[in-house]
1. Would you kindly state how much longer the chain becomes between Gln56 and Leu35 on full extension, computed as 0.36 nm times their sequence separation minus their alpha carbon distance, in nm to one decimal?
2. Points 7 angstrom from Cα along the Cβ direction at Arg12 and Glu70: gap in nanometres?
3. Which residue, chosen from Ser58, Ala21, Pro48, occupies the Cα position most advanced towards the positive end of the dipole of the range 3-77, where the dipole is computed from +1 (Lys, Arg) and -1 (Asp, Glu) charges on Cβ about the Cα centre?
4. Taking θ as phi - 60°, what are the ³J(HN,Hα) couplings along the range 33-43 by the Karplus curve (6.51, -1.76, 1.60), each to the nearest whole Hz, with x for Gly and Pro?
5. For the chain, what is the calculated [θ] at 222 nm in deg cm²/dmol (nearest 500), taking -39500 (n - 2.57) for each run of four or more DSSP H residues and dividing by its residue count?
6. For the chain, give the magnitude of the charge dipole about the Cα centre (Cβ charges: +1 Lys/Arg, -1 Asp/Glu; no others), in debye to the nearest 20.
7. Treating the angle as unsigned and between 0 and 90°, give the value, to the nearest 10°, between the Cα long axis of helix 59-74 and the longest Cα principal axis of the chain.
8. What do you get for the angle between helix 46-56 and the principal long axis of the chain? Use alpha-carbon atoms, 0 to 90 degrees, nearest ten.
Amino acid sequence: MSRKQWARLPYRNRHAIIAQAMCTLLGHWRNCDKLRCQRARRCLFPHPCYWNRKQQMSEAEQAQARKLCEPLLKLMAIGSSQGSDGMWLF
């Protein structure tokens, strides 16, 4: 996807794509209850999976996951006058 295409996506769609990429990056599909995720070798349903696993992680594991996913979270600010946390960028 080009930068222009990414900038045109609505915030909700960007958030869903990044959540899916984060779950795939962290390898949640490996021991997922949904067989479709295991067959595809990527996370197809990130929202309940990511938050349920995050609650089960320790603080150190959560910090390590945040560090791995930091470049993905920076993509949220592209093409928006507000960043991913809702603060104005200028």
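1. Values: separation 21, 0.36 × 21 = 7.56 nm, distance 2.11 nm.
Residue separation times 0.36 nm, minus the Cα-Cα distance, leaves 5.5 nm.
2. Distance between label points: 3.2 nm.
3. Ala21
4. Rounded to whole hertz, the list is 6, 8, 5, 4, 5, 5, 5, 7, 6, 7, 7.
5. Values: 5 runs with 55 residues, N = 90.
Computed ellipticity for the chain at 222 nm equals -18500 deg cm²/dmol.
6. Numbers: 16 positive and 5 negative charges, 101 e Å.
Roughly 480 debye, rounded to the nearest 20.
7. Helix 59-74 and the main axis of the chain meet at about 40 degrees.
8. So the helix axis and the longest Cα principal axis differ by about 70 degrees.
Since every read-out is calculated from the coordinates, none of them should be taken as a lab result. Model, not experiment: these values are computed from the prediction. A quick note on method: Cβ atoms are made from the backbone with ideal geometry, for glycine too, and the neighbour counts reach across all protein chains shown.
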